[in-house]
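Step one of this worksheet: look at the structure below.
The values are calculated or read from the model by the stated rules, or taken from the named source; none is laboratory data. Keep in mind that what you see is a predicted model, and the values were worked out from it rather than measured. Here the Cβ positions follow ideal geometry from the backbone for every residue, glycine too, while neighbour counts run over all protein chains shown.
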Amino acid sequence: MGDFIQLGIGRWIHILAGIMWIGLLYYFNFVQVPALAEAAKDGTAPGITKHVAPRALFYFRWAALVTWLAGATILGAHFVDAFLFQKPTYYPIGVGAWLGTLMLFNVWVLIWPNQQKILGLKPATDPEKAKARRIAFLASRTNTMLSIPMVFFMVASGGVFRTAMFG
Amino acid sequence: LKFLNVAFGCDDRLVHYILGEHEVGALNSLDVDTPALLPSALRLVTLGRCRKKNLYAHGGEMKNPLDSLWGTVISGVVLTLILYNVVKFALH
């Protein structure tokens, strides 16, 4: 029963939340940022920043946390083995776990606080908003970059894909 | 020659020198910090300096690959290849 919850349900939740997190990350980077640049030209940008962005950010940041917690649940007793690279078996998932942790840090420490300033949820002067925009943008792009190896190592850490990639 | 001109923004005479087709003395008239004797490995360093100098001379700056979506994706793929090889090496 323990394995059913930890490895079965835990993995299921990890993947569901992960899809929402990374899906919204790709939405921001591949859709919303270019769309906002276009919308700024015809004055329709406030519609996105007022009605779409706050909702997307809500699911984005909480999905990030749920994904990480579910991942930690799956690792269970092997959490330290993975993060400290103590056993070769856990090297691939350890790299994936570190990348995911860096991404979670970016979401909660860099992206969300700066997005609050950009969207007017927190008071900020224009120069502060400009600085926040750049930091949030680069943190989001960094996460997009990190997501590529992160997904690779998550997938390559077990099953036939691991055998194919690492022997 | 054209590729080096376009890709690195090098002066023609410097390109000839980098390609080993020019006398070192011919560089005197160029405002480039180049060692008198340039082994092949240093030719690459010179190319880098050349590119940087060209960018600065035109008021430009080195671009951040994360500013473009393609740059971000390519950086992610390169990082994946690096990490994959590190882990593979550690496992064997």
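Here are the criteria: (1) closer than 20 Å to A:ALA56 by Cα; (2) at pLDDT 95 or above. Tell me which single one A:LEU119 does not satisfy.
Tallying (1) closer than 20 Å to A:ALA56 by Cα; (2) at pLDDT 95 or above, A:LEU119 fails exactly one: (2).
Pick out the one residue from A:ALA35, A:ALA40 that is in a helix (DSSP H, G or I) and touching a helix residue (DSSP H, G or I) at 6+ places or on another chain (Cβ under 8 Å).
Numbers: A:ALA40 fails: touching a helix residue (DSSP H, G or I) at 6+ places or on another chain (Cβ under 8 Å).
Residue meeting the stated conditions: A:ALA35.
Just to confirm my filter: which helices (runs of 4 or more DSSP H) fall fully inside region A:49-160 and include at least 2 residues that are crowded, with 17+ Cβ neighbours inside 10 Å, within 12 Å of chain B (Cβ to nearest Cβ) and within 13 Å of the chain's Cα centre (by Cα)? Full working, then the answer.
On the way: elements: A:53-75, A:79-83, A:91-105, A:112-118, A:126-155.
Per the criteria, A:91-105, A:126-155.
Filter region B:63-73 for residues that are part of a helix (DSSP H, G or I) and at the interface with another protein chain (Cβ under 9 Å from one of its Cβ atoms) and give the result. Outline the logic, then answer.
First, the residues of region B:63-73 that are part of a helix (DSSP H, G or I): B:65-67, B:69-73.
Correct list: B:PRO65, B:LEU66, B:ASP67, B:LEU69, B:GLY71, B:THR72, B:VAL73.
Hey, does region B:46-53 have a residue that's assigned to a loop (DSSP other than H, G, I, E, B), more than 11 Å from every other protein chain (Cβ to nearest Cβ) and modelled with pLDDT under 60?
Keep residues of region B:46-53 that are assigned to a loop (DSSP other than H, G, I, E, B), which gives none.
No; the residues of region B:46-53 include none that is assigned to a loop (DSSP other than H, G, I, E, B), more than 11 Å from every other protein chain (Cβ to nearest Cβ) and modelled with pLDDT under 60.
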